[in-house]
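As structure tokens, the structure follows; a few thoughts come after it.
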Amino acid sequence: SILAESINLQFDSEGRILISNKLLKHAKIKNKILFVGQGKTFQIWEPTNYEKFKATAKRKSNVYRDSLKWEQKFNK
């Protein structure tokens, strides 16, 4: 269902993407945006909302720290 809601963004003549008003409204973006790296991809956030999300995620990770699973991979 997540991918069913996805849309292709078009590039303008300068190679920039144009974000639709629907997406801007959904993300509550008005004047500023923040690009958050996710490895090979990125997310676009309204900066204040991202800071709130990050703080909540940090609190949750501290609460559930013992149940988090970590994989260790060593490259030789």
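Kindly list, by first and then second residue, each pair from a residue in region 14-29 that is among the β-branched types (Val, Ile, Thr) to a residue that is surrounded by 10 or more Cβ atoms within 10 Å (Cβ to Cβ), limited to pairs with Cβ atoms under 7 Å and residues at least 6 apart or on different chains.
From residues that are among the β-branched types (Val, Ile, Thr), the pairs are 17/9; 19/9; 29/46.
Which members of region 1-17 meet the condition of being open to solvent by less than 100 Å² (accessible area, probe 1.4 Å) and not in a loop (DSSP other than H, G, I, E, B)?
Result: 4, 17.
For the list (1) part of a helix (DSSP H, G or I); (2) open to solvent by less than 60 Å² (accessible area, probe 1.4 Å); (3) at pLDDT 90 or above, I need the number of the one condition that residue 44 fails.
Among (1) part of a helix (DSSP H, G or I); (2) open to solvent by less than 60 Å² (accessible area, probe 1.4 Å); (3) at pLDDT 90 or above, the lone unmet condition for residue 44 is (1).
Out of curiosity, is residue 52 in a loop (DSSP other than H, G, I, E, B), free of Cβ contacts under 8 Å to residues at least 40 places away in the same chain and open to solvent by 70 Å² or more (accessible area, probe 1.4 Å)?
Working: in a loop (DSSP other than H, G, I, E, B): no; free of Cβ contacts under 8 Å to residues at least 40 places away in the same chain: yes; open to solvent by 70 Å² or more (accessible area, probe 1.4 Å): yes.
Judged against the criteria, residue 52 is not a match.
State all residues of region 18-41 that are of a type outside the set (Val, Ile, Thr), touching a Pro at 6+ places or on another chain (Cβ under 9 Å) and open to solvent by less than 100 Å² (accessible area, probe 1.4 Å); if no residue qualifies, say none. Please lay out each step first, then the result.
Our first condition is that a residue be of a type outside the set (Val, Ile, Thr); within region 18-41, this holds for 18, 20-28, 30-32, 34-35, 37-40.
This time we only want the ones that are touching a Pro at 6+ places or on another chain (Cβ under 9 Å), so: 32, 34.
The one that is of a type outside the set (Val, Ile, Thr), touching a Pro at 6+ places or on another chain (Cβ under 9 Å) and open to solvent by less than 100 Å² (accessible area, probe 1.4 Å): 34.
The values are calculated or read from the model by the stated rules, or taken from the named source; none is laboratory data. What you see is a predicted model, and the numbers here were worked out from it, not measured in a lab. Reconstructed Cβ throughout: ideal geometry from the backbone, glycine too, with neighbour counts over all protein chains shown. These area figures cover heavy atoms from the full protein model, side chains too; ligands, DNA and RNA do not enter into them. Shrake-Rupley method; radii C 1.70, N 1.55, O 1.52, S 1.80 Å.
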